[in-house]
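Chemist: Got a structure for you, written out below as structure tokens; questions coming shortly.
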Amino acid sequence: MATEPPAGDGGRSALFNGHLDVVSPAPEGLWQQDPFAPVIRDGWLHGRGAGDMKSGVAAMVYALHAVKKAGFGLKAPVTIAAVIEEECSGNGALACVVAGYDAEAVLIPEPFGPTILTHQLGVVWFKVTVKGVPSHVLAAPAGTNAIEKIYPLLAALHRLESTLNAADIPEAYTGIDHPINLNVGIIKGGDWPSTVPAEAEFHGRLSYFPGVGYSDICRQIEQTVAQAAKADPWLAENRPRIEFYGFRSDGHGLSNDLPALRTLNDSHRALTGQAAAEYIATCTTDLRAFVHFGRGQATCYGPVAENIHAANERVNLDSVVQVARTYALFLARWCGLAQ
Ligand SMILES: [Zn+2]
């Protein structure tokens, strides 16, 4: 966290937020090179975190540096915040807001390309644990296989996903195919091929539309699991346990006519000759902390990356420079230049 003090007055403040944490590179066998030994090939930087989002952090830092190097000060403070935990809860950005780091415009260079993000979904993480009865496989029917008891719960949660995609879709999301996604990201259970497993668990991520609250979606997940459990004699007696952890992040929608978003788009247009497209995101970002708990004029605009959260992640280096240039022009126009 660092704040450049104003060199004059009468300007509007800005804050850049970027996250330093990355997701696991596993399975590393799919990578063309060591994910943590970055290489540049044909104008693209390859490596875990290259796009999501070290390059964005570089762009935002150099934007402020460029203004100073050109011999100007700014008429309002500019804060650079580099945070942790974007990938698992958003608590790093939230801690910044709680500590008072906020501004009249907040820009996050997530690698979604040079677009103006106006909408993002809510996201919840949860874990479901199912009990079974251990047994030697010679008498497998005497046991209850906890792993297999997970199947009907997964099917029911995918039906909930279909229901969420079928009704009450906010206007901004009507043009997007399958905006709500359930991901079962972790499954664990059992310890021996010849033993009926006594316990199994899975962890899921489900998104939800802006306007739906965190406790509403939690209740829907609980009801869905309870209904599916009722239909199975074993699960009806041995209820699955649900825990919510990590993300509890409501979605939001903003107008791209907000002054900060308009100034960013005007800066983009001045450098590229065309307006930036509006981006309706089907994920969450650290914007939530600033929109729900801060002053509210916040968006993402960032480099062009490929394979983020996958093998062979890479970022286009020209796009990183382009983001830095747009941000520098934004600072000049939003904060105001002081000689
Ligand atoms: Zn990211």
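The values are calculated or read from the model by the stated rules, or taken from the named source; none is laboratory data. Since this is a predicted model, take the numbers as computed values, not measurements. Here the Cβ is made from the backbone with ideal geometry for all residues, glycine too, and neighbour counts use every protein chain on show. These accessible areas exclude ligands, DNA and RNA; they are computed on the full protein's heavy atoms, side chains included. Shrake-Rupley method; radii C 1.70, N 1.55, O 1.52, S 1.80 Å.
Rundown of residues vs (1) of a type outside the set (Gly, Ala, Ser); (2) farther than 23 Å from GLN322 by Cα, yes/no style:
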{"site": "GLY73", "(1), (2)": "no, no"}
{"site": "ALA76", "(1), (2)": "no, yes"}
{"site": "THR79", "(1), (2)": "yes, no"}
{"site": "ALA82", "(1), (2)": "no, no"}
{"site": "GLY90", "(1), (2)": "no, yes"}
{"site": "ALA95", "(1), (2)": "no, yes"}
{"site": "ALA105", "(1), (2)": "no, no"}
{"site": "PRO109", "(1), (2)": "yes, no"}
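Chemist: Going by the structure shown, is GLY47 at positive phi and open to solvent by less than 30 Å² (accessible area, probe 1.4 Å)? Break it down into steps so the answer makes sense when it comes.
Modeler: Values: at positive phi: yes; open to solvent by less than 30 Å² (accessible area, probe 1.4 Å): yes.
Yes, satisfied.
Chemist: So which residues in the stretch 291-320 are within 16 Å of the ligand (Cβ to nearest atom) and open to solvent by less than 30 Å² (accessible area, probe 1.4 Å)?
Modeler: Residues satisfying the conditions are ALA298, THR299, CYS300, TYR301, GLY302, PRO303, ALA305, GLU313, VAL315, SER319, VAL320.
Chemist: Can you pull out the residues in the stretch 97-108 that are more than 11 Å from ARG288 (Cα to Cα) and open to solvent by 10 Å² or more (accessible area, probe 1.4 Å)?
Modeler: Listed by number, the residues that qualify are VAL98, ALA99, GLY100, TYR101, ASP102, GLU104.
Chemist: Okay, next question. Please report, ordered by residue number, the strands (runs of 3 or more DSSP E) entirely within the stretch 1-78 with at least 2 residues that are among the β-branched types (Val, Ile, Thr) and over 23 Å from the mean Cα position of the chain (by Cα). Write out each step before concluding.
Modeler: Numbers: elements: 2-4, 14-19, 39-41, 44-46.
Strands (runs of 3 or more DSSP E) meeting the threshold: 39-41.
Chemist: Would you be able to say whether some residue in the stretch 167-181 is polar (S, T, N, Q), surrounded by fewer than 18 Cβ atoms within 10 Å (Cβ to Cβ) and under 23 Å from ARG241 (Cα atoms)? Full working, then the answer.
Modeler: Taking the stretch 167-181 and keeping what is polar (S, T, N, Q), we get 174, 181.
From what's left, surrounded by fewer than 18 Cβ atoms within 10 Å (Cβ to Cβ): 174, 181.
From what's left, under 23 Å from ARG241 (Cα atoms): 181.
So far as the stretch 167-181 goes, yes, one or more of its residues are polar (S, T, N, Q), surrounded by fewer than 18 Cβ atoms within 10 Å (Cβ to Cβ) and under 23 Å from ARG241 (Cα atoms).
Chemist: Taking the conditions exactly as written (without any contact (Cβ under 8 Å) to a residue 40 or more places away in the chain and away from the ligand (no atom under 16 Å from the Cβ)), does ALA26 satisfy them or not? Quick ask: steps written out before the conclusion?
Modeler: Values: without any contact (Cβ under 8 Å) to a residue 40 or more places away in the chain: yes; away from the ligand (no atom under 16 Å from the Cβ): yes.
Yes.
Chemist: Determine if the stretch 252-272 includes at least one residue that is at pLDDT 95 or above and assigned to a strand (DSSP E or B).
Modeler: Among the residues of the stretch 252-272, at least one is at pLDDT 95 or above and assigned to a strand (DSSP E or B), which makes the answer yes.
Chemist: Within the stretch 239-261, which residues are open to solvent by 40 Å² or more (accessible area, probe 1.4 Å) and within 15 Å of PRO114 (Cβ to Cβ)?
Modeler: ASN256
Chemist: Given the condition more than 16 Å from the ligand (Cβ to nearest atom), open to solvent by 20 Å² or more (accessible area, probe 1.4 Å) and either of a type outside the set (Asp, Glu) or more than 21 Å from the chain's Cα centre (by Cα) (or both), answer yes or no: does some residue in the stretch 283-290 qualify? Even if it seems obvious, please write down each step before you answer.
Modeler: From the stretch 283-290, those more than 16 Å from the ligand (Cβ to nearest atom) are none; that's our starting set.
Taking every residue of the stretch 283-290 in turn, none turns out to be more than 16 Å from the ligand (Cβ to nearest atom), open to solvent by 20 Å² or more (accessible area, probe 1.4 Å) and either of a type outside the set (Asp, Glu) or more than 21 Å from the chain's Cα centre (by Cα) (or both).
Chemist: In addition: With the structure loaded, tell me whether LEU258 is in contact with a strand residue (DSSP E or B) (Cβ under 9 Å, 6 or more places away or on another chain), in contact (Cβ under 8 Å) with a residue 24 or more places away in the chain and assigned by TED's automatic domain parsing to the domain that holds GLU86 or whether it fails that test. Talk me through it step by step, then tell me what you get.
Modeler: Details: in contact with a strand residue (DSSP E or B) (Cβ under 9 Å, 6 or more places away or on another chain): yes; in contact (Cβ under 8 Å) with a residue 24 or more places away in the chain: yes; assigned by TED's automatic domain parsing to the domain that holds GLU86: yes.
So LEU258 fits the description; yes.
Chemist: Looking at PRO111 and the list (1) outside the structural domain of SER55 (by TED's automatic domain parsing); (2) surrounded by 24 or more Cβ atoms within 10 Å (Cβ to Cβ), which single condition is not satisfied?
Modeler: (1)
Chemist: Would you be able to tell me the number of residues in the stretch 29-54 that are within 16 Å of the ligand (Cβ to nearest atom) and touching a Leu at 6+ places or on another chain (Cβ under 7 Å)?
Modeler: Here the count works out to 1.
Chemist: Go through the residues of the stretch 9-16 one by one and say whether even a single one is buried (at least 17 other Cβ atoms within 10 Å of the Cβ), within 14 Å of the ligand (Cβ to nearest atom) and hydroxyl-bearing (Ser, Thr, Tyr).
Modeler: No, the stretch 9-16 contains no residue that is buried (at least 17 other Cβ atoms within 10 Å of the Cβ), within 14 Å of the ligand (Cβ to nearest atom) and hydroxyl-bearing (Ser, Thr, Tyr).
Chemist: Determine the pairs where a residue that is assigned by TED's automatic domain parsing to the domain that holds THR115, located within the stretch 304-326, has a partner that is in a helix (DSSP H, G or I) and among the basic types (Lys, Arg) with Cβ atoms under 9 Å apart, the partner being 6 or more residues away or on another chain.
Modeler: As it stands, the answer is VAL315/LYS54, since those pairs meet every condition given.
To keep it simple, each residue is scored yes or no on (1) part of a strand (DSSP E or B); (2) within 16 Å of the ligand (Cβ to nearest atom).
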{"residue": "GLU85", "(1), (2)": "no, yes"}
{"residue": "CYS88", "(1), (2)": "no, yes"}
{"residue": "ALA95", "(1), (2)": "no, no"}
{"residue": "GLU110", "(1), (2)": "no, yes"}
{"residue": "HIS119", "(1), (2)": "yes, no"}
{"residue": "VAL124", "(1), (2)": "yes, no"}
{"residue": "VAL128", "(1), (2)": "yes, no"}
{"residue": "GLU148", "(1), (2)": "no, no"}
